[in-house]
1. Does Asp56 satisfy the criteria of being charged (D, E, K, R) and surrounded by fewer than 10 Cβ atoms within 10 Å (Cβ to Cβ)?
2. Of all residues in the range 3-31, which are open to solvent by less than 90 Å² (accessible area, probe 1.4 Å) and either touching a residue at least 60 places away in the same chain (Cβ under 8 Å) or part of a loop (DSSP other than H, G, I, E, B) (or both)?
3. Taking the stated definitions as given, is Glu80 among the charged types (D, E, K, R), exposed (fewer than 10 other Cβ atoms within 10 Å of the Cβ) and part of a loop (DSSP other than H, G, I, E, B)?
4. Condition (residue is aromatic (Phe, Trp, Tyr) and assigned to a helix (DSSP H, G or I)) applied to the range 48-59: is it met by at least one residue?
5. Cβ-Cβ distance below 8 Å, separation of 6 or more or different chains: which pairs start in the range 32-59 with a residue that is at positive phi and basic (Lys, Arg) and end on one that is surrounded by 10 or more Cβ atoms within 10 Å (Cβ to Cβ) and not in a helix (DSSP H, G or I)?
Amino acid sequence: MTKAGLDDDLERMTREQLVIEVVKLREGIRNHRDSTRHELCWHHPQLWGLLPEKTDPLPEVPGWPQFLEGCLKYRRSLDEQLPDAPCTSKPYQEGDRL
């Protein structure tokens, strides 16, 4: 399937099928949006599982220094974009939702 044809299936769907698809996608987006604390750092393959094309791309993983630099940059961006967001010092616990 070419990128140009990735959404051709939408044209063949009924209104009811489109509504079901939109609800499914909204649920996935909300689950991602509502991630919090350490969940924000995790890989979220369930999002691309909502797409009709079935691929399981292997992510390119940065080295530890680059990864930690990215984490720090992301955390700083939260301070800038959400300065009033509540903070916690609660550590990651095994079994936390990932």
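The values are calculated or read from the model by the stated rules, or taken from the named source; none is laboratory data. Please read all numbers here as calculations on a predicted model, not as lab measurements. So basically every Cβ, Gly included, is an ideal-geometry build from the backbone, and we count neighbours across all protein chains shown. Quick note on the areas: whole protein, heavy atoms, side chains included, nothing else; ligands and nucleic acids left out. Shrake-Rupley method; radii C 1.70, N 1.55, O 1.52, S 1.80 Å.
1. Spelling it out, Asp56 is indeed charged (D, E, K, R) and surrounded by fewer than 10 Cβ atoms within 10 Å (Cβ to Cβ).
2. Within the range 3-31, Leu6, Met13, Thr14 qualify.
3. Spelling it out, it is not the case that Glu80 is among the charged types (D, E, K, R), exposed (fewer than 10 other Cβ atoms within 10 Å of the Cβ) and part of a loop (DSSP other than H, G, I, E, B).
4. Within the range 48-59, one or more residues are aromatic (Phe, Trp, Tyr) and assigned to a helix (DSSP H, G or I).
5. Once the first residue is at positive phi and basic (Lys, Arg) and sits in the range 32-59, its partners that are surrounded by 10 or more Cβ atoms within 10 Å (Cβ to Cβ) and not in a helix (DSSP H, G or I) give Arg37/Tyr92; Arg37/Asp96.
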